[in-house]
């Protein structure tokens, strides 16, 4: 049995693109960043549940995946803030 690949916190766990997470940049560099884009983004419950369990709380969803899910969701299914 092979070990699962480590989660890259700088990559979206859904599409693999850079998630542009300001909080991750600050953690890696030690340089304070402006508030992350995700603090004002909309994340659907369905989108959050689609993140693989090993990546939950470790890697942020990217803006593109968040926008696609928000456009396809109903208004009652969304939450705002960090995924």
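General remarks:
- Per-region count, region 39-59, residues in contact (Cβ under 8 Å) with a residue 40 or more places away in the chain, farther than 19 Å from residue 5 by Cβ and out of contact with any strand residue (DSSP E or B) (no Cβ under 9 Å at 6 or more places or on another chain): 0
- Where residue 43 falls short, out of the listed (1) modelled with pLDDT under 90; (2) part of a helix (DSSP H, G or I): (2)
- Picking from residues in region 28-38 that are touching a residue at least 12 places away in the same chain (Cβ under 8 Å) and surrounded by 12 or more Cβ atoms within 10 Å (Cβ to Cβ), the one that is farthest from residue 66 (Cα to Cα) is 36.
- Number of positions in region 1-14 that are loosely packed, with under 13 Cβ neighbours inside 10 Å and in contact (Cβ under 8 Å) with a residue 12 or more places away in the chain: 1
The values are calculated or read from the model by the stated rules, or taken from the named source; none is laboratory data. Worth saying up front: this structure is predicted, and the values here are computed from it rather than measured. Ideal geometry is used to build each Cβ from the backbone, glycine not excepted, and the neighbour counts take in all protein chains shown.
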